[in-house]
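The values are calculated or read from the model by the stated rules, or taken from the named source; none is laboratory data. As the structure is a prediction and not an experimental result, all values here were calculated from the model. When we count neighbours, we look across all protein chains shown, and the Cβ atoms used for this are built from the backbone with ideal geometry, even at glycine. Just the protein is used for accessible areas: all its heavy atoms, side chains included, with ligands, DNA and RNA removed. Shrake-Rupley method; radii C 1.70, N 1.55, O 1.52, S 1.80 Å.
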Amino acid sequence: MKWQPLIVAMVAAFALLCQTEARVIKPASTAELQSALASAGKGDTIQMLPMHYKGDFVIPASSGPATLVGDYNSTIESEEGGGNIGLHVQGNGWKIKSFWIKGPVQGLLIEGTGNSIEGVVLQKTTHAMVVKGEENTIKSCVISEAELGIIVEASKNSLYYNSVNIQTPAIIIKEGTCCGLLDGNVANGEFNLDGSEWKLNGNVANHGLYIKGCKNELMGNVANGMPINLY
């Protein structure tokens, strides 16, 4: 018993030595941004500068959770000829906000879980945003000049106050998904809901709201030009 206080003290001291302070990283080049994303520790902040980072970027599952933030003049931009994926989020629990993605085939691919995407502007993409992981929050993002807007292929995701300014299918919730939330989104194109048990509150679909899934809850939604169609 006399050794117990000493052992407790040694364990506490070792834990203190193993702690590392969260870093603020300000990448000044494409290579530095990719390195920061790959090596980010828990609680780190990657502060993008007001510049163009050219290429495709990956947040691996092994990094973070951390914060990636810009200042609305920060841009991920594809190289000439177009890249594949502007930002590929494989990690979990990241906070990603306030920058532009321009030019890639896929603007933002989210495969991790529990991420928060806020205030990202996606432009000149084929598929602007694809969500394949669960329990992500997409908020106040703006999409224009894309062939498809937000495509959700997983359950339990939440979309708040996003603006999808394209005439083609703007928001697509895939069949087999369930139990998510769509609140206050504005879609200039079609809004297709093929999943089940989703809650839709106060959304606007300027070219029709098409619902194929079952047991969805709708409140205060508006379908301009075309009615709300239930199949």
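Sorted by accessible area (1.4 Å probe), largest first, how do 24, 152 line up? Walk me through the numbers on the way to the answer.
Working: 24 105, 152 0 Å².
The ordering from most to least exposed comes out as 24, 152.
Roughly how many Å² is the accessible area per residue of the chain, as a whole number, for a 1.4 Å probe? Could you put the intermediate results ahead of the total?
Numbers: 11230 Å² over 231 residues.
Dividing the accessible area of the chain by its residue count gives 49 Å².
With every protein chain left in place, what is the accessible area of residue 30 in Å² (1.4 Å probe, nearest 10)?
50
What lysines does residue 102 reach when the alpha-carbon gap must be under 19 Å and sequence neighbours fewer than 8 apart in one chain are set aside?
Reachable lysines: 54, 124, 139.
Quick one: longest stretch of the chain between exposed loop GluC sites (Glu not before Pro), exposed meaning at most 10 other C-beta atoms within 10 Å and loop per DSSP? All intermediate terms of the calculation are to be shown ahead of the outcome.
Numbers: sites that count: 21, 80.
My reading of the result: 81-231 is the longest stretch.
Translational diffusion coefficient of the chain at 37 °C, 0.692 mPa s, Stokes-Einstein with Kirkwood Rh over Cα pairs, in µm²/s as a whole number. Don't skip to the end; give the middle numbers.
Values: Rh = 18.7 Å.
My calculation gives 176 µm²/s for D.
Long-range amide H contacts for residue 118: which residues qualify at under 5 Å (H placed 1.01 Å from N, peptide plane, sequence gap of 5 or more or a different chain)?
Sorted by chain and number, the residues that satisfy this are 96, 97, 98, 139.
Rounded to the nearest 0.05, what FRET efficiency is calculated for residue 39 and residue 105 with R0 set to 41 Å and r the Cβ-Cβ distance?
Details: r = 26 Å, r/R0 = 0.65.
Computed FRET efficiency for residue 39 and residue 105 comes out at 0.95.
Pick out, in residue order, every one of the trypsin sites (Lys or Arg not before Pro) in the stretch 183-219 that is DSSP loop and has at most 12 other C-beta atoms within 10 Å; say none if there are none. Present the calculation step by step, with values, prior to reporting the outcome.
Details: sites: 199, 212, 215; in loops: 212, 215.
Answer by residue number: 215.
Can you tell me what the convex hull of the Cα atoms of the stretch 122-231 projects to on average, as an area in nm²? Before the final figure, lay out each step's value.
Details: hull surface 22.0 nm².
Mean projected area of the Cα convex hull: 5.5 nm².
Subtracting the Cα-Cα distance from 0.36 nm times the residue separation, let me have the gained length for residue 49 to residue 72 in nm, one decimal. Each step should come with its number before you reach the end.
On the way: separation 23, 0.36 × 23 = 8.28 nm, distance 0.96 nm.
Here the segment from residue 49 to residue 72 would lengthen by 7.3 nm.
Compute the Rg/Rh shape ratio of the stretch 94-173: radius of gyration over Kirkwood radius, all on alpha-carbon atoms. Show your work: numbers first, answer last.
On the way: Rg = 11.0 Å, Rh = 12.0 Å.
On the Cα set of the stretch 94-173, Rg over Rh gives 0.92.
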